[in-house]
Each structure stands twice: as C-alpha cells, then as structure tokens.
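The values are calculated or read from the model by the stated rules, or taken from the named source; none is laboratory data. Since this is a predicted model, take the numbers as computed values, not measurements. Cβ atoms come from the backbone with ideal geometry, glycine included; neighbour counts cover every protein chain shown.
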Amino acid sequence: MKIDKKLIKELVENLKEFNLTELEYQDGQTKIKVSKATKNIEQSKGSAVVPQNKAVLNNSQNEEGIRVKSPIIGTAYLAPEPGAKKFVSIGDKIKKGQTVMIVEAMKTMNHVPSTNDGTVEKILVEDGQPVEFGQTLVILK
C-alpha cells in the first residue's frame, strides 16, 4: 500500500485550520486517521495514524458546573437560522431536554439538548464554529 503524503498533509492542515484533535478520512479500503493526541505511528490494514503535537487543552477544563457536550463532530449554530433569536443566552434558566444549540453534520441539523435543569453560566462556542465530539459547549450552574 502506498501512502498519499499530499492527502495526509492536507488532513493535517485541516486539523490546524478547524482546531480539531482528530480527523478520519476513508476512500474505499483506504482509511487515514490523523490525530494530535497520538504519540506513536500505527499502521494496520489500510490505516495510518500520523503523530502531531500534544492536543490543545480546552480552557473550559477548570470551569465548575454542569457541562453540555457536543454529541457529534460538526458545526455549532446558536440559533435555528441566521438572524433568528438564539436558543439560549447567558443567564437563561433552562430545563432538561431544552435545545441549547444545533450541531450540523453532513447537512443534518442535530439539536443538542440540555442534560440538566440550570442557568446558563457560559457559552463556550461561537455561531458557525467547528466542534468535536465530547467538546463542552455550554456550562450550567
């Protein structure tokens, strides 16, 4: 199997551009996974992992409160459509199950529900920002 170095470089550039820690690409039997968190190179049946620098620490790690995290990788939107009222704002009291934002993945709009009742303390993403699976989006008190 020949590794396409140009494709790997492009994937690494996408990691940096969208501030991701991991990116996976598949074309037929060829599967390439690029990750900042991996310290060694692995290769198995059509997959390669390219090591990068240590993952960027999320500055929200030290924040206390209830975390509402992204269920998928995609693009976060704070309102149902451009120019519309945001789903939540800082200081809003929200109920468990209430939509706090939308994450778009593969042209599908996925509503992100609150995991608990609480007051919105911080919104850690901006409208249109790329987000990763498990990334904290909102902190509730």
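Among the criteria (1) modelled with pLDDT under 90; (2) closer than 14 Å to Leu137 by Cα; (3) not hydroxyl-bearing (Ser, Thr, Tyr), the one Gly83 does not fulfil is (2). When Thr136 is tested against (1) at pLDDT below 90; (2) farther than 28 Å from Glu22 by Cα, just one condition goes unmet, and that condition is (2).
Mind checking which strands (runs of 3 or more DSSP E) fall wholly inside segment 79-139 and carry at least 2 residues that are out of contact with any Gly (no Cβ under 9 Å at 6 or more places or on another chain)? Working first, answer last.
On the way: elements: 99-105, 108-113, 118-123.
Where strands (runs of 3 or more DSSP E) fall fully within segment 79-139 and carry at least 2 residues being out of contact with any Gly (no Cβ under 9 Å at 6 or more places or on another chain), they are 99-105, 108-113.
For segment 118-137, residues that are closer than 11 Å to Gly91 by Cβ and surrounded by fewer than 19 Cβ atoms within 10 Å (Cβ to Cβ) total 3.
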